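Worksheet: one structure, shown below.
No lab work stands behind these numbers, since they all come straight from the coordinates. Quantities reported herein were computed from a predicted structural model and do not represent experimental measurements. Cβ placement follows ideal geometry from the backbone for every residue including glycine, while neighbour counts extend to all protein chains displayed.
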Amino acid sequence: MIRTQGDRCVIFELGDHIDANTGLKCLHLAQQIRRANLRGVTDVIPSFITVAIQFEPHPDHGGNPTEYFKEVTRSLIDQPVDSSLIESRIIDIPVCYEAEFGIDLDFVAQTAKCSVEDIIREHTESLSRVYMLGFAPGQPYIGIHGERLNIPRRSTPRTALPQGSVAIANRQTVIYPNILPGGWHVIGTTPIALFDLHRAQPSLLEPGDQVRFVSISSEHFKSIQNSET
């Protein structure tokens, strides 16, 4: 399905629910659109189930951007997805899971009917994928985790979570780049800055990146935190 969002954005809907295959298809399509260097395109934004193309009007569009982008991307959408061909970096994210930093970790373990150590192991034992950025600048949505982390969001969001809070819900992880409201379950905190306007690339993570969560002690957390400031 293809729909417009205003007069300078076309959105391709590639699925109706979150799963790894649809997410990878969105990442692959976004990558192929960028490589195609289509006239007028100013940005390509993947999510779990959609790819948005933002554009400036161009004569190539023939007065109907929706039909133009539908036609030029038809073959790209039909291409088989090979995750090994998706541009990707592997980035280690240190996380302190101790009680002071993982305020919901006990609740998550109780809900999943396992130990805290099991939850940490589930979260750190394999690479996860960044499928999109959203809600706040530099905030990644990462997944898709196993069933143990398939826990609904909190019924009542908190009004403020500390910068670097690592939180899970619905088999996904988000990392809050600043002090923000949030309704996900905080299982740890990272001392790494996710978003910094003084960097050449302000956002540490980008869609397509693979993340390895690394468990660290509170002492190591404070050491990294001090080196970041």
Cα-only Rg/Rh for the chain with Kirkwood Rh rounds to 1.02
Listed residues His198, His61, His185, most fluctuating in the chain (Gaussian network, C-alpha, under 10 Å):
His198
Roughly what percent of Cα-Cα pairs across segment 69-122 reach past 17 Å?
63
As straight-line cross-link partners of Lys25, the qualifying lysines (C-alpha separation under 18 Å, not fewer than 8 residues apart within one chain) are Lys70
For Lys113, list the lysines whose Cα falls under 20 Å from its own Cα; do not include residues on the same chain fewer than 8 positions away.
none
Can you give the charge dipole size of the chain about its Cα centre, rounded to the nearest 20 debye, using +1 on the beta carbon of Lys and Arg and -1 on the beta carbon of Asp and Glu?
260
Which one of Ala52, Ser128, Pro140 is farthest out on the positive end of the charge dipole of the chain, using unit charges on Cβ (Lys, Arg +1; Asp, Glu -1) and the Cα centre as origin?
Ala52
Cut-off under 16 Å on the C-alpha distance; same-chain residues fewer than 8 positions from Lys222 excluded. Which aspartates and glutamates are left, in chain and number order?
Glu98, Glu100
Taking a ≥ b ≥ c as the square roots of the eigenvalues of the Cα gyration tensor, with a/c under 1.5 meaning rounded and otherwise prolate when a/b exceeds b/c and oblate if not, segment 2-85 is prolate
Low-density loop cleavage sites - trypsin sites (Lys or Arg not before Pro) in segment 1-78, where at most 16 other Cβ are within 10 Å (DSSP):
Arg8, Arg39
With a 10 Å cut-off between alpha carbons and a GNM built on the chain, which of Val211, Val108, Val44 moves the most?
Val44
Loop-only trypsin sites (Lys or Arg not before Pro) in segment 154-204, please: DSSP not H, G, I, E or B, and at most 11 other Cβ atoms within 10 Å.
Arg199
Against the longest principal axis of the chain, how steep is helix 218-228, in degrees 0 to 90 to the nearest 10, with axes from Cα atoms?
50
Take every DSSP beta bridge with both residues inside the chain and express the antiparallel ones as a percent of the total, to the nearest 5.
85
Count charges around Leu76 for me, please; just the other residues with Cβ under 13 Å from its Cβ, Lys/Arg as +1, Asp/Glu as -1.
+3
Summed side-chain charge close to Asp196 - residues other than Asp196 whose Cβ falls under 15 Å, Lys, Arg +1, Asp, Glu -1
-1
